[in-house]
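Written out below as structure tokens is the structure these notes cover.
The values are calculated or read from the model by the stated rules, or taken from the named source; none is laboratory data. The structure presented is a predicted model; accordingly, all values stated were derived computationally and were not measured. Glycine gets a Cβ as well: all are built from the backbone with ideal geometry, and neighbour counts include every protein chain shown. Accessible surface areas use protein heavy atoms only, side chains included; no ligands, DNA or RNA. Shrake-Rupley method; radii C 1.70, N 1.55, O 1.52, S 1.80 Å.
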Amino acid sequence: MNRAESPLLEIRQLSVFYSGLQVLWEVSLFINRGEIVTLLGANGAGKTTLVQSVFGLTKDRKGQIFFEGTEITGLPAFEMIKRGLALVPEKRELFPKMTVEENLELGGFSKREGIVAPEEIFKFFPILKERKKQLAGTLSGGEQQMLAIARALIPKPAMLVLDEPSLGLSPLIVSSVLDAIKKLNQEGLSILLVEQNVQHALEMSHRGYILETGRIVKGGSSSDLLHDDQVQAAYLGT
Ligand SMILES: Nc1ncnc2c1ncn2[C@@H]1O[C@H](COP(=O)(O)OP(=O)(O)O)[C@@H](O)[C@H]1O
Ligand SMILES: [Mg+2]
């Protein structure tokens, strides 16, 4: 397969174990250039484990990860960033005692070519510009999530993996965070979005996968999934 034909990110037959206990079972999925793909699944399904495994952050695993057609399985996280793959982890991992600006500067630590100036990123998140001297720990939940996303954008990734960016946010703020993610995709960023806001996530994405107790049980276009009886019963309460 040449680079143009291969998916941007591909996970092949990923199995993960914690203390010998299997939590992911031969999970395969892919994201093409320009797509937003949503990964849905209840608490404990294995979504975070999957995301962490892409970045080599789980210890006991089988399977392969490809980025732009090249195998990246087990590479250190800074290597992934250099290649253009970035993670916004579930816990955000900001530095609470540092300012907005300082947190963004740290995003540039593993530089790759074409690094983005914070000024450029403020266009997407104007609220962060207003608050650039404020300590990250004193921002609202929504602002902290925006800062976590903004920081991941500094090395100018081709693809962003977002692990439940709306976790713990009020419904109104969820919308503004998800809308910002959609805008980033419209600017050309490819996105793997882990979400529990099923309706909103599917409406803004191209395709989706459903993970149930460590197995992909369904995958398809977002509109097919939105109209799927099983999906409606299990995730949309209709
Ligand atoms: N570090 C860990 N050690 C042992 N078990 C874990 C660990 N992290 C997650 N698990 C277990 O793996 C399963 C999947 O968890 P997780 O990937 O966090 O799911 P999700 O993100 O979908 O809520 C759960 O049963 C969880 O209890
Ligand atoms: Mg999780």
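Values computed for the structure shown
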| read-out | value |
| --- | --- |
| Filter result (within 16 Å of ligand 2 (Cβ to nearest atom), touching a strand residue (DSSP E or B) at 6+ places or on another chain (Cβ under 7 Å) and over 18 Å from E105 (Cα atoms)) within the stretch 146-176 | V161, L162, D163, E164, P165, S166 |
| Residue check for K97: within 25 Å of G214 (Cβ to Cβ), open to solvent by 20 Å² or more (accessible area, probe 1.4 Å) and basic (K, R) | no |
| Residue match in the stretch 87-103 (condition: touching a Phe, Trp or Tyr at 6+ places or on another chain (Cβ under 7 Å), within 16 Å of ligand 1 (Cβ to nearest atom) and either in a loop (DSSP other than H, G, I, E, B) or not basic (K, R) (or both)) | yes |
| Residue, nearest to ligand 2 (Cβ to nearest atom), within the stretch 63-78, restricted to residues that are of a type outside the set (G, A, S) and surrounded by 14 or more Cβ atoms within 10 Å (Cβ to Cβ) | I65 |
| Positions within the stretch 170-204 being of a type outside the set (D, E, K, R), in a helix (DSSP H, G or I) and over 24 Å from A234 (Cα atoms), in sequence order | I173, S176, V177, A180, I181, L184, N185, Q186 |
| Set I173, I216: member being of a type in the set (V, I, T) and touching a residue at least 60 places away in the same chain (Cβ under 8 Å) | I216 |
| Given (1) without any contact (Cβ under 8 Å) to a residue 24 or more places away in the chain; (2) over 29 Å from G142 (Cα atoms), index of the condition K62 fails | (1) |
| Residue list for the stretch 1-59, filter: open to solvent by 70 Å² or more (accessible area, probe 1.4 Å) and of a type in the set (A, V, I, L, M) | M1, A4, L21, L57 |
| Exclusive hit being in contact with a helix residue (DSSP H, G or I) (Cβ under 7 Å, 6 or more places away or on another chain) and at negative phi, set S170, S176 | S176 |
| Those residues of the stretch 159-170 which are surrounded by fewer than 18 Cβ atoms within 10 Å (Cβ to Cβ) and touching a residue at least 60 places away in the same chain (Cβ under 8 Å), in sequence order | L167 |
| Yes/no for L87 being open to solvent by less than 10 Å² (accessible area, probe 1.4 Å) and within 16 Å of ligand 2 (Cβ to nearest atom) | no |
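Listed here are the residues, each with its yes/no results for (1) within 14 Å of ligand 1 (Cβ to nearest atom); (2) under 16 Å from I36 (Cβ atoms).
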| site | (1), (2) |
| --- | --- |
| E187 | no, yes |
| L193 | yes, yes |
| Q199 | no, yes |
| L202 | no, yes |
| S221 | no, yes |
| D228 | no, no |
| G237 | no, no |
